[in-house]
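One structure is given here, and the rest of the page talks about it.
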Amino acid sequence: MNTYRYVANDIRTSLKQIYDDAEISLSLVVYWMHIFGDALKKQHIEKYSSGAFLSIFRSVPVERDVDANMPYPFVELPQGIYDYDLDKGIEYITYPYAYTRNREQMVGHIKFTRTTFNALERLNMREEERPSPSNPYFVRSGERVYLVGVERVNLLTVEMGLSTTFDVTAAISLDDPFDFPEHLLPLLRRQILEMGRFVLMVPDNLRNDGTSQDIEGTVPSTRPMGTALQQPQQVDQNAV
Amino acid sequence: MINVSDIVIDMKAALDAEGSDYYTEAEDYIPAINRAMDHVIAIFNRAFSENKLSEENLRELIDIKLYQLSSSSSLTFTAETLNDVWTISAIYPLPRTLPLVPTPPLSTSASSQEYASTNKFLGGNKSAKKRTLEDWNDTEGNPFEKGNTTIITGDLVEYAYLPFSSQTITNIIIRPAINNGVCGVAFLMYPPRVEDSAGRIPFPSVVRNLLSSKALRYISEKQGDSSTLLSVTDIDVKELTELLT
């Protein structure tokens with residue numbers, strides 16, 4: 001798998017081919033990789049049912065918010081997730097219903113089903129759908145995921161399988177693998193280079209040279225949006 | 001390196017003064033060459049500031065020393081230390097050194113000090129960027145600028161330094177802080193003054209013609225033509241840039 005070192009330096013070196021004096025920090029390139037990478041990776045995961053980019057968090061602590069008068073325990077999402085329809089960024093949440101004797105290993109899991117606060121009322125009306133420890137639900141609200149049906153269970157942790165976004169605030173080692181579909185790298189590279197070239201073009205045109213006059217050759221070289229490609233035809237003033 | 005004697009020969013030829021004692025070494029040629037060196041230094045300064053040349057063009061004048069930073073991540077130089085320093089070309093935080101094991105062991109001193117002369121600078125993968133007094137504060141919180149304090153771990157840490165001086169000392173602060181860490185400082189030294197025609201000038205040999213022509217203009221000052229002697233023009237910079245690239 002490609003590492004950050006290769007992808008980020010490839011992009012920076014390519015941008016420097018044109019703008020050799022430009023200051024393009026590696027942290028900026030990595031940030032671009034993350035935000036453009038997220039857009040492409042989200043589409044990839046949506047399109048292909050694959051576990052290639054599933055992040056599993058074995059022990060996400062369960063918390064209780066007694067002050068907010070909310071009866072349900074909840075977990076904070078350990079990392080940002082893609083915001084898919086029907087909360088499909090949360091692949092699964094399970095909790096162990098049995099441990100080995102020394103509580104070191106979980107031997108059985110119960111899966112939470114996704115629902116909404118709106119649907120909870122209806123679920124409570126039907127015996128076979130009613131939230132319970134054997135039939136728990138989860139409801140997402142922002143970064144919190146409420147666990148419904150396990151209010152009376154002394155639940156300490158749950159396991160979560162998530163389609164996570166890149167964490168832009170994480171400390172990166174350049175030799176970390178870049179967790180991104182390899183076949184989409186040319187597309188990612190192209191998108192970043194196009195954006196980078198646009199960004200770098202603007203300050204060059206507006207370069208502060210210490211004078212109040214435009215110097216020939218430093219005026220914007222790109223055609224402003226909405227202007228015609230062809231120059232207006234010269235009108236012969238002498239023609240009648 | 002340029003031999004001073006070669007420049008003197010060039011000047012004599014241009015002045016048509018071979019065999020003449022009208023111009024003397026001590027009173028005419030050497031002072032003119034020294035003033036021409038000052039003028040070329042001024043041209044270099046302008047070329048550096050416009051990013052047209054880099055200090056590597058004067059590699060004969062570059063000296064890299066290792067320092068241990070103070071416990072507040074700063075370097076302090078006395079005026080005497082920087083007496084012969086033209087400019088500080090680069091600062092390399094946490095460089096590789098030879099031998100790799102620090103000798104002597106790093107101290108936790110509150111002041112900076114020159115690192116053991118037995119250790120040699122080998123290289124590194126970081127250079128600190130020079131900041132101005134104004135943007136030093138502006139860039140602290142921007143994770144995409146060198147010298148930010150948002151990214152302080154991992155491979156994306158990027159350093160910056162801020163020099164500020166009084167009449168007696170020059171302080172350099174490095175950010176993010178590497179308290180008591182080692183850093184390499186690349187100095188560009190001033191070329192020593194020429195004493196006689198036996199000396200050598202540590203400029204690239206391609207600058208020889210420029211140097212001798214400038215020296216000739218200083219001699220011509222005595223003859224009344226001093227209209228453009230003291231100004232650095234775009235033509236000067238262009239000429240130097242073309243010579244060195």
Residue list for the range B:1-25, filter: in contact (Cβ under 8 Å) with a residue 24 or more places away in the chain and either buried (at least 16 other Cβ atoms within 10 Å of the Cβ) or assigned to a helix (DSSP H, G or I) (or both): B:Ile2, B:Val4, B:Ser5, B:Asp6, B:Ile7, B:Val8, B:Asp10, B:Met11, B:Ala14, B:Leu15, B:Tyr23, B:Glu25
Taking the criterion of being under 24 Å from A:Trp32 (Cβ atoms), touching a Phe, Trp or Tyr at 6+ places or on another chain (Cβ under 8 Å) and free of Cβ contacts under 8 Å to residues at least 12 places away in the same chain, would at least one residue in the range B:122-136 satisfy it? no
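Does A:Asp85 count as surrounded by fewer than 16 Cβ atoms within 10 Å (Cβ to Cβ) and either of a type in the set (A, V, I, L, M) or away from every other protein chain (no Cβ under 14 Å) (or both)? Working first, answer last.
Values: surrounded by fewer than 16 Cβ atoms within 10 Å (Cβ to Cβ): yes; either of a type in the set (A, V, I, L, M) or away from every other protein chain (no Cβ under 14 Å) (or both): yes.
Answer is yes for this residue.
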Restricted to the range A:117-164 and to residues being of a type in the set (Val, Ile, Thr) and buried (at least 20 other Cβ atoms within 10 Å of the Cβ), the residue nearest to the other protein chains (Cβ to nearest Cβ) is A:Thr164
One residue is enough: does the range B:167-182 have a residue meeting the conditions modelled with pLDDT of 80 or more and not assigned by TED's automatic domain parsing to the domain that holds B:Glu140? no
When only residues in the range A:34-67 that are in contact with a Phe, Trp or Tyr (Cβ under 7 Å, 6 or more places away or on another chain) and closer than 30 Å to B:Ala160 by Cα count, which is surrounded by the fewest Cβ atoms within 10 Å (Cβ to Cβ)? A:His34
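State the number of residues belonging to the range A:1-10 that are more than 20 Å from A:Ala171 (Cβ to Cβ) and either touching a helix residue (DSSP H, G or I) at 6+ places or on another chain (Cβ under 6 Å) or among the aromatic types (Phe, Trp, Tyr) (or both).
Of all residues in the range A:1-10, those more than 20 Å from A:Ala171 (Cβ to Cβ) come to A:10.
So of that shortlist, the ones also either touching a helix residue (DSSP H, G or I) at 6+ places or on another chain (Cβ under 6 Å) or among the aromatic types (Phe, Trp, Tyr) (or both) come out as none.
Residues that pass the stated criteria total 0.
Restricting the search to the range A:8-35, which residues are more than 13 Å from chain B (Cβ to nearest Cβ) and of a type in the set (Val, Ile, Thr)? Step through it out loud before you land on a result.
Of the residues in the range A:8-35, the ones more than 13 Å from chain B (Cβ to nearest Cβ) are A:10-11, A:13-18.
If the condition is that a residue be more than 13 Å from chain B (Cβ to nearest Cβ) and of a type in the set (Val, Ile, Thr), then A:Ile11, A:Thr13, A:Ile18 are the ones that fit.
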Might you check whether a residue that is within 30 Å of A:Tyr6 (Cα to Cα) and among the hydrophobic types (A, V, I, L, M, F, W, C) occurs anywhere in the range B:135-143? no
Checklist (1) crowded, with 16+ Cβ neighbours inside 10 Å; (2) of a type in the set (Ser, Thr, Tyr); (3) within 21 Å of B:Val207 (Cα to Cα) applied to B:Ser54, failing item: (1)
With the first residue restricted to the range A:18-29 and required to be closer than 12 Å to A:Tyr4 by Cα, and the second required to be among the aromatic types (Phe, Trp, Tyr), Cβ contacts under 8 Å at 6 or more apart or on different chains are A:Ser27/B:Phe144
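Count, please, the residues in the range B:150-184 that happen to be within 10 Å of another protein chain (Cβ to nearest Cβ) and surrounded by fewer than 18 Cβ atoms within 10 Å (Cβ to Cβ). Full working, then the answer.
Residues of the range B:150-184 that are within 10 Å of another protein chain (Cβ to nearest Cβ), as a first pass: B:150-158.
Applying the additional criterion that residues be surrounded by fewer than 18 Cβ atoms within 10 Å (Cβ to Cβ) yields B:150, B:152-154.
Count: 4.
The values are calculated or read from the model by the stated rules, or taken from the named source; none is laboratory data. Source: prediction; values computed, not measured. Virtual Cβ from ideal backbone geometry, glycine too; neighbours counted across all protein chains shown.
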